[in-house]
1. Indicate the gyration tensor shape class of the stretch 406-475 (rounded, prolate or oblate), computed on the Cα atoms with a ≥ b ≥ c the square roots of the eigenvalues: a/c under 1.5 is rounded; otherwise a/b larger than b/c is prolate and the rest oblate.
2. Which value, in Å², gives the accessible area per residue of the stretch 6-51 when a 1.4 Å probe is used on the protein heavy atoms?
3. Using the reciprocal of the averaged 1/r over all distinct C-alpha pairs, how large is the Kirkwood radius of the stretch 43-155 in Å?
4. Enter the accessible area per residue of the stretch 329-399 (Å², integer; probe 1.4 Å; all protein chains in place).
5. Please report the net charge: other residues with Cβ closer than 12 Å to the Cβ of S384, K and R +1, D and E -1.
6. Quick one: grab the alpha carbon gyration tensor of the stretch 111-244, order the square roots of its eigenvalues as a ≥ b ≥ c, and give me rounded if a/c is under 1.5, else prolate or oblate depending on whether a/b is larger than b/c.
7. Jot down the per residue volume, in cubic angstrom and as a whole number, of the convex hull over the alpha-carbon atoms of the stretch 248-306.
8. Just the projected area, averaged over all directions, of the convex hull on the alpha carbon atoms of the stretch 329-399: how many nm²?
Amino acid sequence: MATLIHTLADHSDDVNCCAFSPSLLATCSLDKTVRIYSLSDFTELSYSPLKGHTYAVHCCCFSPLGHLLASCSTDGTTMVWDTHDGQVLAVLGQPSGSPVRVCRFSPESTYLVSGAADGSVVLWNVQSLKLYRSGSVKDGSLVACAFSPNGNCFVTGSSWGDITIWDDTMRCLYNEKAHDLGVTCCDISSQPISDGEHGSRYFQMASCGQDNKVKIWLILFADSLGVELRYKCTLSGHSAPVLACAFSYDGQMLVSGSVDKCVIIYETNTGNILHTLSQHTRYVTTCVFAPCTALLATGSMDKTVNIWQFDSKQPCAGNTVEKESEVAVQNWSEDDVSAWLCAQGLTDLVGLFKRNNIDGKELLHLTKESLTNELKIESLGLRSKILQKIEELRMKMVSVSVAIPDEFLCPITRELMKEPVIAADGYSYEKEAMENWISNKRRSSPMTNLPLHSLMLTPNRTLKMAISRWLETQQK
C-alpha cells in the first residue's frame with residue numbers, strides 16, 4: 001500500500017525534478033529556485049530556497065552521501081551547492097552555453113555529468129570542480145543520464161531517441177535507438193541480477209519516452225569487453241508520453257510518471273502493476289524513491305510534490321534510524337544488523353551475514369578485502385554499496401558529536417579516512433582516493449599541484465590509529 005503522507009506546495013511554477021539524499025529532499029522548478037526539505041518532518045531548511053539560476057531549473061541531484069547538491073538550468077550552468085549551509089561552491093558553465101537539461105553525480109562522487117540541449121555532455125571533476133572531459137551525442141538534446149553502480153560508465157538519453165553508453169574518458173561504448181519519439185529519462189538499478197542463461201551478472205536499466213513506453217534493458221559492464229545491452233521487456237500502463245522513471249533502492253520496484261497525470265509503480269521482476277497513483281492534476285514530471293526509507297516523491301506541473309510512504313513487512317529504514325539512536329551501532333546484535341540490511345535493500349545478504357556472525361562491531365570493521373576474501377561477495381557494485389552504507393553509519397555516529405578534526409579528513413574526498421597513506425608530497429590521503437587520482441594519469445600533488453617524484457604510497461599507521469582512537473571516544 002502506498003499512502004500519501006505529505007504534499008509540498010511551495011513552488012510557484014511547474015516542478016521539474018525531485019532528489020533524495022539520506023536525510024534531505026530537494027525540488028526544483030520553472031520558478032528558478034531549488035528548495036530543500038528535511039525528511040524528518042518535511043520542513044523547509046532555513047537557507048532554502050536556493051536562488052542563483054536566472055532561468056528555469058530543470059534537474060537537481062545529491063552526491064551519494066548528500067554533502068553536495070547540483071542543479072542545472074536553461075541559463076546554461078550547473079551550480080554546486082553545499083548542503084550544510086546552502087552556499088554556492090561552483091557555477092559550472094556549459095562550454096557551449098546551451099541550456100543544461102540533466103545532471104548526475106557518479107556513485108563515488110568522482111564526477112558530475114551535465115547534459116545540454118545542443119547534445120553536449122560534460123564530465124566535471126568533483127574535487128577540483130573543473131572540466132575533465134566533454135563530448136556530444138550525434139543528434140538531439142541530451143535529456144537523461146544515469147551512472148553504472150561502479151561509476152566507470154554512464155548512460156545518456158537524447159530527444160532523438162538514442163541511448164548512448166560512455167566510459168569515464170568520454171569514449172562512446174555503445175549506441176541504441178531506444179524510443180521512436182525521444183527518450184525522456186533513464187535509470188540503472190544498483191542491484192545486479194543473473195540472466196539465468198549464461199550466469200552473467202547484469203544490471204537492469206529502465207528508459208521511458210515520448211512513445212508512451214517504459215522499457216527494461218539488461219546491461220553488462222565489463223572492463224575488458226566493453227558493454228553489452230539487451231532488451232528485456234516493455235511495461236504497459238501509461239496512455240501518454242512517460243516523462244520520468246526510477247528504480248527503488250533495492251531494485252524490486254520501478255516507478256514512472258506520465259503526461260496522463262498518473263504515477264505507476266511496477267514490480268520489477270514480473271512487470272506487474274502494484275499501484276497506480278492519480279492525485280496529481282497535471283503532467284507528472286518527476287518521480288524518485290528515497291535511498292534509506294520507504295518513501296517516494298512525485299512532482300508535477302500542478303506545482304506540487306507529493307510524498308508517499310510504503311507499508312512493508314520488512315523492517316523499514318525509519319525503524320532502523322530509531323534503533324541507531326537508541327543503541328550504539330557497535331552494540332547491535334546480529335538481528336539488528338539483519339534489520340538494517342533489510343532497510344538498505346540488502347535483504348539477500350541477511351543469511352550470509354548471519355552465517356558469519358556479523359554483529360554491529362563486526363559490521364563497522366568490514367572492509368573491501370573482508371567482503372571479497374571472507375564473505376566471498378564477488379560483485380564490485382554490491383561491495384561498493386555495502387561499504388557506502390557502512391560509511392553512512394559511521395558518519396551518523398560521529399555527526400552527533402564534535403566536528404571531525406581536519407587532519408583526519410582526506411584532502412581529496414574531504415571525508416574521514418579509513419586507510420590513510422602518505423604520498424611523495426608528504427601529505428596523507430585516503431588510499432583509494434589517491435589510487436584513483438594516480439590511475440587517472442595524474443602525476444601532480446592534489447595539495448600543491450607540483451610533480452610527484454614517486455607514485456609510492458606508504459600506509460600511515462600512526463594516523464590510522466589516531467583516527468580509530470578518536471572514533472572510539474565519539475562512540476562512547
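The values are calculated or read from the model by the stated rules, or taken from the named source; none is laboratory data. Note that the coordinates shown come from a computational prediction; the quantities given were computed from them, not determined experimentally. Every residue, glycine among them, receives a Cβ derived from its backbone with ideal geometry; neighbour counts consider all protein chains shown. Surface accessibility is based on the protein's heavy atoms, side chains included, excluding ligands, DNA and RNA. Shrake-Rupley method; radii C 1.70, N 1.55, O 1.52, S 1.80 Å.
1. Prolate, because a/c is 1.5 or more and a/b exceeds b/c.
2. Working: 1730 Å² over 46 residues.
The answer is 38 Å² per residue.
3. 14.0
4. Working: 3140 Å² over 71 residues.
Accessible surface, normalised per residue, equals 44 Å².
5. It works out to a net charge of +1.
6. Since a/c reaches 1.5 but b/c is at least a/b, the shape of the stretch 111-244 is classed as oblate.
7. Value for the stretch 248-306: 69 Å³ per residue.
8. Mean orientational projected area (the stretch 329-399, Cα hull): 4.3 nm².
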